[in-house]
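The block underneath contains the structure these notes are about, expressed in structure tokens.
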Amino acid sequence: MKGTVKGLIDLIFPPLCAFCGTSLIEDNTAEICPGCLRDIRFISPPLCPTCGLPFPLEMGEGHLCGQCLGRQWHFGSARALGVYEGPIREAIHLLKYKGKSFLTKSLVGLLDRGYPFIDYGSYDLLVPVPLHPKRLRERGFNQALILGRAIGRRTGIACEGFLLKKIRWSPPQINLSTKEREKNVKGSFAVADPGAVRGKRVLLIDDVMTTGSTVNECAGELLKAGAVGVDVFTLARAV
């Protein structure tokens, strides 16, 4: 009876694709339409073993990208679900700037369809990249915290949403070069309770990785507080 009622409801009010609004009446178990799924460029090998940048061709095991050859990272590795374009980019913008938090479930659900590159069992904590209190008041929420909690529910890993704090206001990073971004975030983060991170392996969570300056600064602070290792996961990666 319950299934029949649900079927009638879906027929009258068909579920819609979370990303584009297309009817999903032909597959009411999905949350994303086939068209949007086709347009998502999931990231999988070959890729840079450190920053996760996808390579167009196989470069050989352990081959670093040009950026990683010239930079010192505090994190061990960074991985992203997909390239920052198309439906993922649009969904992140709607979540981040329009407050469409219902998209979180669909975005995190994409983890089941992407490349299974993260061994969640090797981490003790999920730590979202924080917002400055001023930015948090303006936006009303921290999208990285929403994502971290959603991933925590799926994996059983504790999400420490307020362990890392942004203590210095910095202007938006858009249109800044890599060097400018590094300077912009320098000294911006601090660990609120070093004891909570000491001896732990941490997976740092954010929505998008562009140059890596923000997550690198966060990882450095976590290591200084005593973390034994920090890796990074973002939903999307700018390439």
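The values are calculated or read from the model by the stated rules, or taken from the named source; none is laboratory data. The shown structure was predicted, so the numbers you read here are calculated from the model rather than taken from an experiment. Every residue, glycine as well, gets a Cβ built from its backbone with ideal geometry; the counts of neighbours run over all protein chains shown.
Hey, could you check the range 135-167 for residues that are within 21 Å of Leu81 (Cα to Cα) and among the charged types (D, E, K, R) and say which is surrounded by the fewest Cβ atoms within 10 Å (Cβ to Cβ)? Out of the qualifying residues, it is Arg153. Among the residues of the range 93-106, those identified as assigned to a helix (DSSP H, G or I) and either in the same structural domain as Gly21 (by TED's automatic domain parsing) or under 14 Å from Cys20 (Cβ atoms) (or both) are His93, Leu94, Leu103, Ser106.
Where strands (runs of 3 or more DSSP E) fall wholly inside the range 181-239, the ranges with 2 or more residues that are touching a residue at least 60 places away in the same chain (Cβ under 8 Å) and closer than 24 Å to Leu110 by Cβ are 201-209, 229-237. Of note, Asp119 satisfies the criterion of being under 24 Å from Val202 (Cα atoms) and either of a type in the set (Phe, Trp, Tyr) or out of contact with any strand residue (DSSP E or B) (no Cβ under 9 Å at 6 or more places or on another chain) (or both). Restricting attention to the range 168-192, the residues being of a type in the set (A, V, I, L, M) and surrounded by fewer than 14 Cβ atoms within 10 Å (Cβ to Cβ) number 1. Restricting the range 102-134 to residues that are modelled with pLDDT of 90 or more and surrounded by fewer than 16 Cβ atoms within 10 Å (Cβ to Cβ) leaves a set whose member that is farthest from Gly220 (Cα to Cα) is Lys134. Counting only helices (runs of 4 or more DSSP H) that sit completely within the range 1-92, those holding 3 or more residues that are modelled with pLDDT of 80 or more correspond to 34-39, 66-69.
Quick check, is Gly152 assigned to a helix (DSSP H, G or I) and in the same structural domain as Asn184 (by TED's automatic domain parsing)? It would help to see each step written out before you state the result.
Details: assigned to a helix (DSSP H, G or I): yes; in the same structural domain as Asn184 (by TED's automatic domain parsing): yes.
Here the answer is yes, as Gly152 does meet what is asked.
Determine whether Asn175 is within 23 Å of Glu90 (Cβ to Cβ) and out of contact with any Ser or Thr (no Cβ under 9 Å at 6 or more places or on another chain). Yes, satisfied. Considering the conditions (1) touching a Cys at 6+ places or on another chain (Cβ under 9 Å); (2) farther than 25 Å from Arg135 by Cα; (3) in contact (Cβ under 8 Å) with a residue 40 or more places away in the chain, Glu90 is excluded by exactly one of them, (2).
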